[in-house]
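Laboratory data are not the source of any read-out in this text; all were calculated from the coordinates shown. Owing to the predicted nature of the structure, the values given are computational and were not obtained by experimental measurement. Neighbour counts are summed over all protein chains in view; Cβ atoms, including those assigned to glycine, are modelled from backbone coordinates with ideal geometry.
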């Protein structure tokens with residue numbers, strides 16, 4: 001194509017429509033944050049955090065790896081905190097180039113996450129010393145996952161995102177199934193199905209975004 | 001339908017550069033704005049060129065350019081106005097009508 005003065009109209013209507021499609025796809029791809037940036041940190045935190053939980057507090061009081069009894073919960077909280085900080089930073093990057101109702105929405109959603117976790121932690125810490133180790137661990141892990149599932153579902157409702165909503169339902173169901181399966185199994189189920197589910201969801205959403213973009217950019 | 005009844009193409013948008021600007025801005029959600037450097041990066045236009053076209057779009061009431069501050073650094077925000085969005089929708093509808101003329105029978 002010969003270089004054209006960009007003040008001239010496109011050659012014909014079909015060319016105009018192609019130009020519109022290409023520009024929209026390009027912008028969409030450029031302003032949509034990589035879904036992996038939101039889901040992978042949590043996926044890794046869950047696989048690692050609940051994996052260690054399972055190794056220390058296995059089914060039927062089995063100890064696969066003899067770690068200090070305080071380590072799994074501290075590690076899990078640290079991993080959740082790290083994932084929360086990373087995703088908060090990742091989300092805030094968007095507001096450096098876009099501003100308006102959608103960044104406000106994103107900020108409110110981010111604040112809701114931290115308020116929900118803080119409230120939960122304050123309530124649960126009142127049970128310190130009252131429960132057996134295994135029971136206390138399952139209570140903390142179960143509550144954290146319940147809050148996470150609900151937040152994903154709320155995110156799905158806010159952004160009309162079926163994928164995120166489905167992930168929330170999946171997380172909530174897996175949590176309840178794990179609780180019924182009992183101590184030890186809960187952690188294994190959360191590591192594999194919960195954490196694995198997030199890694200998979202992030203990958204699928206990323207592939208979908210790339211497919212949509214390449215269709216428009218062709 | 002005779003040729004004369006075909007919709008006219010909006011001359012403000014019907015220029016490659018401005019069509020690209022408006023198409024790009026139309027991707028944002030209503031009332032959201034984008035920073036000037038980011039828009040420039042997406043469109044791969046020079047700052048001067050983009051400014052010229054934005055001014056023409058602003059004169060037509062299709063975009064709104066706001067100067068503001070992000071913390072202490074000044075920022076220029078660009079967004080499509082409601083009027084601009086309508087003009088863009090009319091423009092794409094007109095293109096489609098040109099490509100597939102409506103049937104005689106309604």
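A few notes on this one:
- Test: residue in the range B:10-27 that is within 11 Å of chain A (Cβ to nearest Cβ), closer than 21 Å to residue A:19 by Cβ, over 12 Å from the mean Cα position of the chain (by Cα) and surrounded by 14 or more Cβ atoms within 10 Å (Cβ to Cβ): no
- Filter pass, residue A:212 being assigned to a helix (DSSP H, G or I), in contact (Cβ under 8 Å) with a residue 60 or more places away in the chain and surrounded by fewer than 16 Cβ atoms within 10 Å (Cβ to Cβ): yes
- Which numbered condition residue A:135 fails, given (1) in contact with a helix residue (DSSP H, G or I) (Cβ under 7 Å, 6 or more places away or on another chain); (2) under 23 Å from residue A:71 (Cβ atoms); (3) touching a residue at least 24 places away in the same chain (Cβ under 8 Å); (4) not in a loop (DSSP other than H, G, I, E, B): (1)
- Residue within the range A:178-193 that is outside any helix (DSSP H, G or I) and surrounded by 19 or more Cβ atoms within 10 Å (Cβ to Cβ) present: yes
- For the range A:87-129, a residue qualifies if it is touching a strand residue (DSSP E or B) at 6+ places or on another chain (Cβ under 6 Å) and touching a residue at least 12 places away in the same chain (Cβ under 8 Å), and the qualifying residues are A:97, A:98.
- Taken over the range A:91-117, residues that are out of contact with any helix residue (DSSP H, G or I) (no Cβ under 9 Å at 6 or more places or on another chain) and at the interface with chain B (Cβ under 9 Å from one of its Cβ atoms) amount to 3.
- Counted residues, the range A:8-33 - those being surrounded by fewer than 16 Cβ atoms within 10 Å (Cβ to Cβ), facing chain B (nearest Cβ under 7 Å) and not in a helix (DSSP H, G or I): 1
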